[in-house]
Amino acid sequence: NFSRRDHHSLASDVDRMFSRKSQSLPLKPKNHDAAYIMLSLVLFSLRSLVEVVRSKAFNQGGFQQMQVDAAFIFKSLREVNASWFHSRCDEAIISHVHEVVTAAHERCTQRVPLPSGTVEALAKVEE
């Protein structure tokens, strides 16, 4: 389900943006090691992708492509996640990837999602 819980108009989206504290990095290390820097880049990139998706309109094919792209991004980051990130970081990544698909769904003229099995098959990460 890609719908938001709150289906009110633009006013509710604006209220949500200003009432919700901006998610900062889940961990605040004393020194900025490579994992922290990579996580920062990943989260900023995902936030940027969400904003780009929010500025577009999608047809059925575009929305379905965003589903596949988001699944691929998530799978790719999951593979890296084991060695770099912590579980709290994983939650932030999941949240941002889900927000990408939700934003695409909200801006889609023909909301026909691909079956999850099809998305998984298309987004399969080859080693």
Can you pull the accessible area of Val112 for me, 1.4 Å probe, Å² to the nearest 10?
70
Show the residues, 5+ positions off or on another chain, whose built amide H is closer than 5 Å to the amide H of Phe58.
Cys108, Thr109
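The values are calculated or read from the model by the stated rules, or taken from the named source; none is laboratory data. Keep in mind the model is a prediction, meaning the values are calculated, not measured. We work out accessible area using only protein heavy atoms, side chains counted, and drop any ligands, DNA or RNA first. Shrake-Rupley method; radii C 1.70, N 1.55, O 1.52, S 1.80 Å.
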